[in-house]
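Encoded as structure tokens, the structure appears first; notes follow it.
The values are calculated or read from the model by the stated rules, or taken from the named source; none is laboratory data. Values in this document were obtained by computation on a predicted structure and should not be read as measured data. Cβ placement follows ideal geometry from the backbone for every residue including glycine, while neighbour counts extend to all protein chains displayed. To get the accessible areas, we keep the full protein, side chains included, count just its heavy atoms, and leave off ligands, DNA and RNA. Shrake-Rupley method; radii C 1.70, N 1.55, O 1.52, S 1.80 Å.
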Amino acid sequence: MLKSCETLKSVLENNLCVGCGACSVTTPEKIKLNLNSEGYLRPFIKEELTEQEESNILKICPGVSVDSAFYQQSKDKLWGPIINSFVGWSSNDELRHKASSGGAITSIATSLLSQGEVDAVLHTGVDTSDPLKNRYQISTNPEDVMKHAGSRYAPAAPLEGLFEAIKNYKRIAFIGKPCDVVAVRKICEIDEEVREKIHCCISFMCAGVPSLKGTHAVLKALEVDVEDVKWFQYRGDGWPGQAKVTTHEDLSRGMSYDNSWGKILNRHLQFRCKICIDGTGESADITCADAWHGDTNGYPSFDEQQGRSLILIRTEHGRNILNRVINNDSLVVEPIDVTELQKMQPYQASRKSLALSRLLALATINMRIPKYNLKMLLSLSKKSSLKENVKSYLGTLTRALKLRKL
Ligand SMILES: Cc1cc2nc3c(=O)[nH]c(=O)nc-3n(C[C@H](O)[C@H](O)[C@H](O)COP(=O)(O)OP(=O)(O)OC[C@H]3O[C@@H](n4cnc5c(N)ncnc54)[C@H](O)[C@@H]3O)c2cc1C
């Protein structure tokens with residue numbers, strides 16, 4: 001029997017929380033978002049929630065559902081709504097080099113600010129009190145947006161700055177993971193002021209959020225103590241660039257993306273991300289990602305090159321925004337066919353097509369699952385072989401049983 005959650009506690013007990021902070025920002029007097037002992041952001045419930053509060057939280061929780069009224073009927077079951085697809089990069093060479101892939105997100109955001117289309121960008125950067133932690137950032141000028149370019153492969157909740165941004169600014173661009181964007185869209189449905197002030201949502205493809213323990217494991221492999229870290233970046237300064245650390249004694253060490261993400265960080269992903277069916281930011285106006293070049297085996301090549309972003313236009317509003325960014329020469333783009341996506345982002349395609357097998361594994365041991373369109377997932381499951389579906393079912397079953405024992 002496939003059952004979904006009825007309370008925030010059951011979201012937590014069934015490992016369905018994404019750590020976005022939607023519950024804590026809308027019920028701040030009773031819920032606080034903090035890192036838990038496993039290194040994930042989780043809501044700590046200080047006081048019992050009323051039935052009404054529970055119901056409000058479940059309506060906006062992306063752990064429970066990734067659909068929102070905003071979400072359009074997908075044209076493409078795998079990739080969501082797509083009006084146009086491009087590869088592109090910032091025309092500012094310095095930004096292209098510093099950013100995560102081609103600097104598309106930062107170029108769009110800086111352009112929105114310099115053209116006066118928004119007066120603030122709500123996004124994520126390093127916490128000034130701890131170089132390994134993330135904090136929401138409200139940037140009001142292009143220089144500050146650029147300062148926070150780059151991916152932070154550790155828990156981050158840009159939503160924590162939502163009501164500060166809403167209180168102080170009139171038009172806001174929101175940048176976040178797909179689940180962060182789903183939460184913002186859902187809050188827009190119940191809060192008129194948020195709906196009026198969120199000008200646009202820009203997302204990036206996300207393979208999942210690693211625990212902070214993943215970052216600690218990267219540092220261990222680099223033989224650097226956590227306390228000695230003065231500065232740390234996950235990638236950037238090239239594409240994909242290296243994970244780099246500088247210590248208080250000015251010692252610098254680095255590790256390839258292939259090793260940091262591929263061999264360490266991706267082994268620390270939170271459970272909910274493994275059954276995510278919106279890794280591609282389907283509710284955003286624009287989604288960006290790495291426009292990886294496939295190698296001869298069809299796998300993305302992580303050889304160092306000049307940065308390239310994949311850019312998916314999901315809404316008419318997103319299309320108008322991108323046109324303005326291109327017209328003011330901030331971004332160089334080349335159109336690509338949707339069939340190219342599978343080669344650039346094979347993991348996103350396989351995770352979504354194997355989602356049903358994973359949900360069935362959870363249902364077998366009576367665990368709650370997110371509210372998904374199962375008919376759509378059934379048709380996607382046929383894209384993977386029976387062997388792949390069975391392997392994914394058994395892998396999820398093993399992981400879920402292990403988690404239940406903890
Ligand atoms: C946890 C995680 C998983 C990812 N998985 C994939 C994937 O599967 N496939 C893929 O192609 N790309 C993935 N990326 C995104 C990728 O690394 C690039 O961010 C994306 O290609 C956009 O590049 P860009 O140069 O346009 O972004 P940039 O111009 O460098 O801008 C990146 C923006 O993302 C924001 N940001 C950084 N870290 C976080 C965070 N943890 N939470 C919320 N916002 C953040 C920054 O504030 C910045 O505004 C992932 C990123 C993260 C953080």
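Structure values in brief
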| read-out | value |
| --- | --- |
| Surface accessible to a 1.4 Å probe, residue 44 within the full protein complex, Å² | 90 Å² |
| GluC sites (Glu not before Pro) restricted to DSSP loop in the range 4-99 with at most 10 other C-beta within 10 Å | 29, 47, 48 |
| Computed [θ] at 222 nm, deg cm²/dmol, the chain (DSSP H ≥ 4; -39,500 (n - 2.57); rounded to nearest 500) | -10000 deg cm²/dmol |
| Of 133/230; 30/213; 77/371; 32/230, those spanning more than 19 Å from alpha-carbon to alpha-carbon | 30/213; 32/230 |
| Antiparallel bridge percentage (DSSP; both residues within the chain; nearest 5) | 75 percent |
| Residue 292 - accessible surface, heavy atoms, 1.4 Å probe, Å² rounded to 10 | 20 Å² |
| Simple Cβ-charge dipole of the range 218-300, Lys/Arg +1 and Asp/Glu -1, about Cα centre, in debye nearest 20 | 280 debye |
| Signed unit charges on C-beta, dipole axis of the range 236-379, positive-most listed residue 279, 332, 256 | 279 |
| Mean-position separation - Cα centroids, the range 236-276 and the range 164-189, in angstrom | 27 Å |
| Residue 242 long-range amide H proximity, modeled H, under 5 Å | 236 |
| Amide proton proximity set for residue 133, modelled H, under 5 Å, gap of 5+ | 127 |
| With DNA, RNA and ligands ignored, accessible area of residue 65 (1.4 Å probe; Å², nearest 10) | 20 Å² |
| FRET efficiency, 1/(1 + (r/R0)^6) with R0 25 Å, evaluated for residue 32 and residue 226 via beta carbons | 0.60 |
| Accessible surface, 1.4 Å probe, highest first, among residues 360, 78 | 360, 78 |
| Antiparallel bridge percentage (DSSP; both residues within the range 40-181; nearest 5) | 70 percent |
| Normalised convex hull volume, the chain, alpha-carbon set, Å³ per residue | 140 Å³ |
| The range 285-406 - accessible surface per residue (Å², probe 1.4 Å) | 53 Å² |
| Heavy-atom SASA rank of 16, 401 (probe 1.4 Å, accessible area, largest first) | 401, 16 |
| The range 312-345-the range 96-144 distance, computed between alpha-carbon centres (Å) | 19 Å |
| Protection proxy ranking of 325-331, 191-197, 384-390 - average other beta-carbon atoms within 10 Å, highest first | 325-331, 191-197, 384-390 |
| Distance in nm between pseudo-label sites at residue 301 and residue 248 (7 Å out along the Cβ direction from Cα) | 4.4 nm |
| Under 17 Å from the residue 130 label point (7 Å along Cα→beta-carbon), backbone N, the range 21-49 | 21, 32-44 |
| Carbon plus sulfur fraction of accessible area for the chain, probe 1.4 Å, in percent | 49 percent |
